[in-house]
Amino acid sequence: MVHIHNNLRSMFSKLGKPVALLGLSLAMLSGCALTPQAQAQLQTDLGVTVNSIRGNKGKLCLKIFSSAQGFPNGDVGAVKRQCTKITGNSMSFNFPNLKSGSYAVAVYHDANGNNKFDRDTAGIPLEGYGFSQNPNVTNKAPSFGDSVLLLAGSGLQTQIRMRYP
């Protein structure tokens with residue numbers, strides 16, 4: 001036991017005071033809780049502008065996901081949802097007080113007002129749609145990773161271009 005203690009003492013004496021101070025600082029910080037002000041700084045806003053909306057009929061529906069679970073078509077996993085009557089070919093939305101982190105946005109144009117994204121029997125969209133990062137969409141919906149936004153600090157503004165069948 002004395003031999004191990006001497007080896008540790010020798011190692012720390014070679015590393016010097018900066019390493020010892022760093023270790024002490026980390027130990028002290030690990031026991032600290034975040035103040036309410038620090039917690040508030042971890043929350044931020046996401047602004048979304050949706051462009052290329054065709055027609056004023058129906059609603060524009062947005063879902064914000066914080067993980068791949070449910071993205072893009074499911075309701076499970078969506079941390080925010082909003083449907084709004086279409087007022088023009090471009091509309092802006094603000095989602096305040098989101099925790100800093102990774103998010104992806106899915107949008108659809110609910111032209112017939114049935115509160116769902118309509119597809120044919122083969123799964124081909126019958127209504128307009130869009131995703132954050134505007135990924136190329138071919139035979140299938142994009143992944144969460146293709147659409148991810150990193151939200152931190154003073155917030156983020158993003159634009160989504162609608163696509164129609």
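General observations
- For the pair Asn97 and Asn114, the difference between a 0.36 nm per residue extended length and the Cα-Cα distance amounts to 3.2 nm.
- Kirkwood radius and radius of gyration were both taken over the C-alpha atoms of region 41-161, and their ratio Rg/Rh is 0.95.
- Here the label points at Ser154 and Ile124, each 7 Å from Cα along the C-beta direction, are separated by 4.6 nm in the simple model.
- Student exercise, region 41-161 dipole from Lys, Arg, Asp, Glu Cβ charges, in Debye to nearest 20: 180
- Pairs of Cα atoms nearer than 8 Å and 6+ residues apart set the relative contact order; for region 41-161 it is 36 percent.
- For region 55-165, with +1 on Lys and Arg beta carbons and -1 on Asp and Glu, the positive-most of Asn89, Pro165, Ser66 along the dipole: Asn89
- Interchain or long-range residues, amide H under 5 Å from Thr158's placed H: Gly47, Val48, Thr49
- With K and R counted +1 and D and E -1, the other residues having a Cβ less than 11 Å from that of Arg54 yield a net charge of +1.
Taken together, the values in this text are just the output of simple stated rules run on the coordinates, not laboratory data. From a predicted model like this one, the values you see are computed outputs, not experimental measurements. Virtual Cβ from ideal backbone geometry, glycine too; neighbours counted across all protein chains shown.
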